[in-house]
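Asks: Before anything else, here's the structure in question.
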Amino acid sequence: MIKKIIFILFLALPTFLIYELFGNISRGLSCPSLSGDGKKAHFIGYYMVSAGYAVLSVIASTLAFIFFRKLFRK
Amino acid sequence: MPKNEKRRPHTDSIAILTLYSYNGDSESKHFIRSYGHAFVSIENISDMALELMHGVKVASHETITFSWWATDRHMGIWFNIEPNYIKLFGKYTGRISISRYIDMAHLDAIQEYLARNDRYTPISNCAKNCSALWDLCEDKGDRVFTKRFQTPKKLYDRIRKLHGFEFDRPVNDQGEIFFVSREKTNLFEMEKKDDKEDNIYIISGSADVFDL
């Protein structure tokens with residue numbers, strides 16, 4: 001039971017980070033763009049935030065995987 | 001200068017500097033946080049045009065708004081995005097602001113700052129640059145910049161502690177969107193998504209690039 005709870009906790013963080021990652025990408029896509037000189041300018045702030053969440057998601061997922069393996073090997 | 005004095009015009013006052021910060025609360029939903037935005041406006045109350053950057057002038061009794069933005073065309077200072085964003089999309093509801101009168105010496109300091117800091121990074125972001133710019137004109141006790149990583153939320157909380165702050169101060173809806181690069185002004189228009197038709201259409205202005 002304790003293992004299950006810890007397993008869920010290990011999964012919760014990367015899941016939340018991935019949720020935020022896709023949420024921010026979605027916001028970036030819904031941002032209006034600017035047009036001028038026959039070209040467009042896109043607001044990329046949300047994509048920069050998404051990149052940060054992507055890095056954190058990878059770190060959290062890796063740690064979750066490592067701890068999960070250690071937990072269930074014992 | 002006493003706190004109330006800088007909120008009143010003097011004989012040498014040429015403009016009103018307003019610092020805005022929005023903490024993102026009204027646009028955060030489903031756990032996804034909006035990190036807010038900070039920006040600055042300068043209202044020219046003098047009878048002459050005031051120059052902010054190379055070729056960027058504020059005509060007499062007009063207002064210009066600017067901040068530091070991350071876009072794929074220009075990572076730096078953009079002018080008049082915020083009034084258009086507020087008018088077309090109803091953004092930044094709940095923004096806080098503080099204003100003060102400035103003189104020519106303050107404007108010189110602002111010009112120098114803008115000339116040296118036309119660059120956006122996550123560290124040198126809108127809140128950091130707007131705070132630093134405000135502090136050029138401010139007494140020590142009313143400065144807003146923190147040495148730590150500056151965010152619109154922190155700036156919002158700091159402004160709330162100052163005398164004379166306002167909520168949802170109107171921002172002018174005039175002026176075209178542009179940035180300056182290599183001594184050229186690049187004009188832009190904001191596209192608005194029509195909710196009913198689900199079409200994208202251009203709201204106003206003309207796209208052009210010209211030499212100053």
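The values are calculated or read from the model by the stated rules, or taken from the named source; none is laboratory data. None of these values were measured; they are calculated from a predicted model. When we count neighbours, we look across all protein chains shown, and the Cβ atoms used for this are built from the backbone with ideal geometry, even at glycine.
Asks: Take region A:28-39 and flag every residue that is under 23 Å from B:ARG119 (Cβ atoms) and exposed (fewer than 15 other Cβ atoms within 10 Å of the Cβ).
Replies: Passing the criteria: A:ASP37, A:LYS39.
Asks: Same structure again: So, in region B:126-142, exactly how many residues are touching a helix residue (DSSP H, G or I) at 6+ places or on another chain (Cβ under 9 Å) and farther than 20 Å from B:THR65 by Cα?
Replies: Residues in region B:126-142 being touching a helix residue (DSSP H, G or I) at 6+ places or on another chain (Cβ under 9 Å) and farther than 20 Å from B:THR65 by Cα: 2 in total.
Asks: Could you please let me know if B:THR93 is surrounded by fewer than 16 Cβ atoms within 10 Å (Cβ to Cβ) and within 13 Å of another protein chain (Cβ to nearest Cβ)?
Replies: no
Asks: From the residues in region A:7-27 that are over 16 Å from A:SER57 (Cβ atoms) and surrounded by 15 or more Cβ atoms within 10 Å (Cβ to Cβ), which one is farthest from the other protein chains (Cβ to nearest Cβ)?
Replies: A:PHE7
Asks: Output the residues belonging to region B:129-157 that are more than 17 Å from the chain's Cα centre (by Cα) and modelled with pLDDT of 90 or more.
Replies: B:ASP157
Asks: Take B:ILE64 and tell me if it is farther than 29 Å from B:THR185 by Cβ and either under 10 Å from the mean Cα position of the chain (by Cα) or within 14 Å of chain A (Cβ to nearest Cβ) (or both).
Replies: no
Asks: Also, quick follow-up: Of the conditions (1) hydrophobic (A, V, I, L, M, F, W, C); (2) touching a helix residue (DSSP H, G or I) at 6+ places or on another chain (Cβ under 9 Å); (3) in contact (Cβ under 8 Å) with a residue 24 or more places away in the chain, B:PHE145 fails just one. Which one is it?
Replies: Only one criterion in (1) hydrophobic (A, V, I, L, M, F, W, C); (2) touching a helix residue (DSSP H, G or I) at 6+ places or on another chain (Cβ under 9 Å); (3) in contact (Cβ under 8 Å) with a residue 24 or more places away in the chain is unmet by B:PHE145, namely (3).
Asks: How many residues does region A:40-62 contain that are without any contact (Cβ under 8 Å) to a residue 12 or more places away in the chain, out of contact with any Leu (no Cβ under 8 Å at 6 or more places or on another chain) and either of a type in the set (A, V, I, L, M, F, W, C) or surrounded by fewer than 13 Cβ atoms within 10 Å (Cβ to Cβ) (or both)?
Replies: 6
Asks: Looking at region A:39-74, which of its residues are in a loop (DSSP other than H, G, I, E, B) and at the interface with chain B (Cβ under 7 Å from one of its Cβ atoms)?
Replies: A:ILE44
Asks: A follow-up question, please. Show the residue pairs meeting these rules: Cβ distance below 9 Å; 6+ apart or different chains; first residue within region B:99-118 and free of Cβ contacts under 8 Å to residues at least 12 places away in the same chain; second residue part of a loop (DSSP other than H, G, I, E, B) and aliphatic (A, V, I, L, M).
Replies: B:GLU112/B:LEU136
Asks: OK, next. Return the residue satisfying two criteria in turn: it lies in region B:106-128 and is more than 15 Å from the chain's Cα centre (by Cα) and β-branched (Val, Ile, Thr), and of such residues it is surrounded by the fewest Cβ atoms within 10 Å (Cβ to Cβ).
Replies: Applying the filter and picking the extreme gives B:ILE123.
Asks: Please enumerate the residues belonging to region A:16-38 that are part of a helix (DSSP H, G or I) and not aromatic (Phe, Trp, Tyr).
Replies: Passing the criteria: A:LEU17, A:ILE18, A:GLU20, A:LEU21, A:GLY23, A:ASN24, A:ILE25, A:SER26, A:ARG27, A:GLY28, A:LEU29, A:SER30.
Asks: Mind listing whichever residues of region B:149-188 are surrounded by 22 or more Cβ atoms within 10 Å (Cβ to Cβ), within 14 Å of chain A (Cβ to nearest Cβ) and out of contact with any helix residue (DSSP H, G or I) (no Cβ under 8 Å at 6 or more places or on another chain)?
Replies: B:PHE178, B:PHE179, B:ASN186, B:PHE188
Asks: Does region B:39-58 include one or more residues that are at pLDDT 95 or above and within 13 Å of chain A (Cβ to nearest Cβ)?
Replies: The answer is no; no qualifying residue exists.
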